[in-house]
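Worksheet for the structure shown next.
The values are calculated or read from the model by the stated rules, or taken from the named source; none is laboratory data. Quick caveat: nothing in here was measured; it's all calculated off a predicted structure. Cβ sites come from the backbone with ideal geometry, for glycine too, and all protein chains shown count toward neighbours. The area values use the complete protein model at the heavy-atom level, side chains included, leaving out ligands, DNA and RNA. Shrake-Rupley method; radii C 1.70, N 1.55, O 1.52, S 1.80 Å.
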Amino acid sequence: MKIRTLKELLDAEIVCGEEHLDCDVHSACGSDMMSDVLAFVKNQAVLLTGLVNSQVIRTAEMMDMVCVVFVRSKRPTAEMMEIASDSGIALLTTEKRMFEACGILYSNGLNGEKL
């Protein structure tokens, strides 16, 4: 799934990394606990989270993620956008809650990684 499609499905706003809208994502992870993200994530993944701090972007960067979606209308800080921009990570925000956002992506073919 392209980030562009993800953006449309979640009625999301891109706040950083518009140039990455045509990048592919192959799996998704929804979590506010970065330790869970570290245990799960593979390349070409998208993280859905309500946590807003620079550790979210650093975690995504370490795990070679290509996109972070902030749920519940959360917005990244300027520092977070700078780190994401330097790392080639697209940042989006949606009004949807995490459960709904994950459900929409799953029902449209974006799965989690097999454990």
- request: Considering each residue of region 47-96, count those that are open to solvent by 50 Å² or more (accessible area, probe 1.4 Å), touching a Gly at 6+ places or on another chain (Cβ under 7 Å) and not in a loop (DSSP other than H, G, I, E, B), and give that number.
  value: 1
query: Taking region 1-46, which residues are outside any helix (DSSP H, G or I) and of a type in the set (Lys, Arg)?
result: LYS2, LYS42
- request: Scan SER35, SER31 and give me the residue that is within 19 Å of GLU100 (Cβ to Cβ), without any contact (Cβ under 8 Å) to a residue 24 or more places away in the chain and not hydrophobic (A, V, I, L, M, F, W, C).
  value: SER31
task: Give the residues of region 17-40 that are open to solvent by less than 20 Å² (accessible area, probe 1.4 Å) and in contact with a helix residue (DSSP H, G or I) (Cβ under 8 Å, 6 or more places away or on another chain), sorted by residue number.
output: GLY17, LEU21, VAL25, CYS29, SER31, VAL37
- request: Hey, can you tell me all the residues within region 97-115 that are in contact with a Gly (Cβ under 9 Å, 6 or more places away or on another chain), open to solvent by 70 Å² or more (accessible area, probe 1.4 Å) and not in a loop (DSSP other than H, G, I, E, B)?
  value: PHE99, TYR106
- prompt: Pairs, please: C-beta under 7 Å, at least 6 apart or cross-chain, first residue touching a residue at least 24 places away in the same chain (Cβ under 8 Å) and in region 97-110, second open to solvent by 40 Å² or more (accessible area, probe 1.4 Å) and in a helix (DSSP H, G or I)?
  reply: ILE104/LEU9; LEU105/LEU9; ASN108/LEU9
